[in-house]
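The next block holds one structure in the form of structure tokens; read it before the comments.
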Amino acid sequence: MNSSQPSADLFDVVIAGCGPTGAMLAAELRLHDVRVLVVEKDTEPVSFARIVGLHIRSIELMAMRGLLDRILPHGRQRPAAGLFAAIPKPAPEGLDTAHAYLLGIPQPVIVHLLEDHATRLGAQIRRGRALAGFEQDDEGVTVTLSGGEQLRARYLVGCDGARSTVRKLLGVAFPGEPARNETLMGEMKVGVPQEEIAARVVKTHQPFWLKPSGEGMYSVVVPAAGVTDRSEPPTLDDFRTGLRAIAGTDFGVHSPRWLSRFGDATRLADRYRVGRVLLAGDAAHIHPPIGGQGLNLGVQDAVNLGWKLAAQIRGWAPETLLDTYHSERHPVAEAVLDNTRAQTELLSPDPGPQAVRRLLTELMDIAEVNRHLIEKITALDIRYDFGEGPDLLGRRIPDIPLKTGRLYDHLHQARPLVLDTTTHLTVDGWSDRVDLIPDPTAPLTTPALLLRPDGHIAWIGDHQQSLNTHLTRWFGNPTH
Ligand SMILES: Cc1cc2nc3c(=O)[nH]c(=O)nc-3n(C[C@H](O)[C@H](O)[C@H](O)COP(=O)(O)OP(=O)(O)OC[C@H]3O[C@@H](n4cnc5c(N)ncnc54)[C@H](O)[C@@H]3O)c2cc1C
């Protein structure tokens with residue numbers, strides 16, 4: 001540390017941004033007793049509802065951390081159907097999960113619940129403080145906030161959204177396609193009766209709706225006149241122009257509660273880590289909201305990164321563990337970007353894409369095709385590359401029943417776990433960081449497996465020596 005750096009306020013991790021990704025990461029780190037500070041530029045949490053829902057894998061993660069019971073009453077469960085390019089097909093049968101549904105829940109509610117979870121676990125969250133700069137050296141990162149205050153941390157994570165300051169200051173490239181279209185979204189009152197709206201709202205291929213959202217307000221989504229740099233929120237006049245262009249009237253809209261816009265840019269950061277600085281969530285990847293995947297992807301990044309960064313800070317991480325965050329999550333985001341590109345094409349009104357859409361609609365009557373696409377959107381299809389091995393290796397495990405409750409109940413503290421039906425294995429040497437459940441009743445197709453804190457299967461087998469090798473690979477050297 002050089003002499004200009006402050007001695008006070010030393011944190012293990014500073015997170016820039018308290019959206020869903022930053023809040024989830026803060027909580028994951030606190031489960032491992034990491035001293036974490038989240039700095040958030042906005043003084044108040046976001047108030048506008050931009051999310052359609054939590055997907056199956058995110059719902060599983062909430063169950064895995066004991067959060068689901070708190071979240072479920074705030075959302076509406078619906079079948080996992082119609083997710084791919086909004087092609088109306090029933091939910092596939094036989095999804096291998098205890099949570100085969102989507103949870104419709106507004107983004108502000110999710111952020112509030114995750115922020116509350118992180119705070120209860122001991123994370124500090126300072127609102128109204130924007131990260132303005134940082135410098136990293138061999139021992140840590142000095143973070144400068146917009147008022148000039150400096151903080152010192154061992155690691156910095158940019159969870160600061162699509163326009164990430166952290167990513168820009170890091171100089172990480174963000175290649176992809178710029179926005180071609182922009183959509184306005186907001187909540188406001190209308191000056192005409194409901195019957196007139198129903199008569200004027202015509203079916204178009206473009207995103208457009210105007211529907212009651214409660215308390216006399218209407219939720220409005222309408223294509224924008226052009227593409228802007230999106231640094232400024234839209235005005236009510238922008239909505240009036242858009243509505244007149246698509247419906248021939250502006251419906252007398254007035255008194256907006258909030259106005260926003262989003263584009264269909266598709267970009268992926270080249271690197272998720274540069275030294276002691278990492279990127280997660282929208283800071284690392286952006287894509288159109290078709291299929292409602294962005295928040296889910298960010299929360300899943302956080303769960304992948306949390307325990308690895310904690311292990312690095314606690315000192316037991318194997319040398320390459322932190323780099324597996326990029327090698328595992330970058331390809332997952334790449335695949336999500338690709339499926340949103342495909343869905344965007346399928347929503348085009350042009351005759352070619354419409355013909356492909358009709359063909360795919362037919363193909364989705366084949367159960368396997370429907371399941372394949374829904375597993376893709378809901379992130380059940382992820383298989384990390386852990387090397388040669390059976391198909392289960394690298395995949396997530398569903399929440400199975402055990403002698404002692406359900407499996408996910410044993411993952412609330414984000415500790416790795418050996419599930420052993422042979423009952424002759426031990427985790428001696430790692431018991432400070434790895435749990436063991438000997439349970440001959442566990443419905444497994446393998447004798448034993450090693451689960452990472454994110455619920456992915458890191459080893460399958462029944463030999464102690466082989467288990468020890470994999471415990472060392474993932475969770476470091478034994479303590480004796
Ligand atoms: C219309 C629409 C519908 C969507 N629907 C869905 C859906 O159904 N499902 C889904 O999964 N996703 C959906 N998304 C995507 C989802 O909203 C985003 O992917 C998600 O918000 C990303 O979370 P994040 O925490 O990474 O980033 P953000 O939510 O953008 O949070 C970043 C935070 O960082 C803060 N910040 C920025 N700069 C700084 C700084 N310099 N210092 C400190 N703080 C800073 C910001 O104020 C913000 O609070 C939708 C998006 C849109 C536009």
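Take Ala342 and decide whether it is among the hydrophobic types (A, V, I, L, M, F, W, C), open to solvent by 10 Å² or more (accessible area, probe 1.4 Å), within 16 Å of the ligand (Cβ to nearest atom) and assigned to a helix (DSSP H, G or I). So Ala342 fails the test.
Yes or no: Glu187 within 12 Å of the ligand (Cβ to nearest atom), more than 27 Å from Ala27 (Cβ to Cβ), in contact (Cβ under 8 Å) with a residue 24 or more places away in the chain and open to solvent by less than 60 Å² (accessible area, probe 1.4 Å)? It is false that Glu187 is within 12 Å of the ligand (Cβ to nearest atom), more than 27 Å from Ala27 (Cβ to Cβ), in contact (Cβ under 8 Å) with a residue 24 or more places away in the chain and open to solvent by less than 60 Å² (accessible area, probe 1.4 Å). Is at least one residue of region 57-64 surrounded by fewer than 24 Cβ atoms within 10 Å (Cβ to Cβ) and near the ligand (Cβ under 8 Å from one of its atoms)? No, the conditions are met nowhere in region 57-64. Here Val39 meets the list (1) within 20 Å of Val303 (Cβ to Cβ); (2) crowded, with 20+ Cβ neighbours inside 10 Å almost entirely, failing just condition (1). Of the residues making up region 142-172, those that are assigned to a strand (DSSP E or B) and either open to solvent by 50 Å² or more (accessible area, probe 1.4 Å) or near the ligand (Cβ under 10 Å from one of its atoms) (or both) are Val143, Leu145, Gln150, Arg154, Gly158.
The residues of region 398-415 that are under 22 Å from Ala310 (Cα atoms), under 20 Å from the mean Cα position of the chain (by Cα) and open to solvent by less than 70 Å² (accessible area, probe 1.4 Å), listed by number, are Tyr408, Leu411, His412, Ala414.
In a helix (DSSP H, G or I) and away from the ligand (no atom under 11 Å from the Cβ): is that true of Ile87 in this structure? No: the conditions fail for Ile87. Scan region 345-372 for residues that are of a type outside the set (S, T, N, Q) and either farther than 25 Å from Asn181 by Cα or not in a helix (DSSP H, G or I) (or both) and the total you get is 14. So is Ala458 outside the structural domain of Arg329 (by TED's automatic domain parsing), small (Gly, Ala, Ser), open to solvent by less than 10 Å² (accessible area, probe 1.4 Å) and touching a Phe, Trp or Tyr at 6+ places or on another chain (Cβ under 7 Å) or not? So Ala458 passes the test. Of the residues making up region 364-380, those that are open to solvent by 60 Å² or more (accessible area, probe 1.4 Å) and out of contact with any Phe, Trp or Tyr (no Cβ under 8 Å at 6 or more places or on another chain) number 5. Looking only at region 312-331, residues that are out of contact with any Lys or Arg (no Cβ under 9 Å at 6 or more places or on another chain), open to solvent by 20 Å² or more (accessible area, probe 1.4 Å) and part of a helix (DSSP H, G or I) come to 2 in all.
The values are calculated or read from the model by the stated rules, or taken from the named source; none is laboratory data. No experiment lies behind these values; they were computed from the predicted model shown. When we count neighbours, we look across all protein chains shown, and the Cβ atoms used for this are built from the backbone with ideal geometry, even at glycine. Keep in mind that these areas ignore ligands, DNA and RNA; they rest on the heavy atoms of the full protein, side chains included. Shrake-Rupley method; radii C 1.70, N 1.55, O 1.52, S 1.80 Å.
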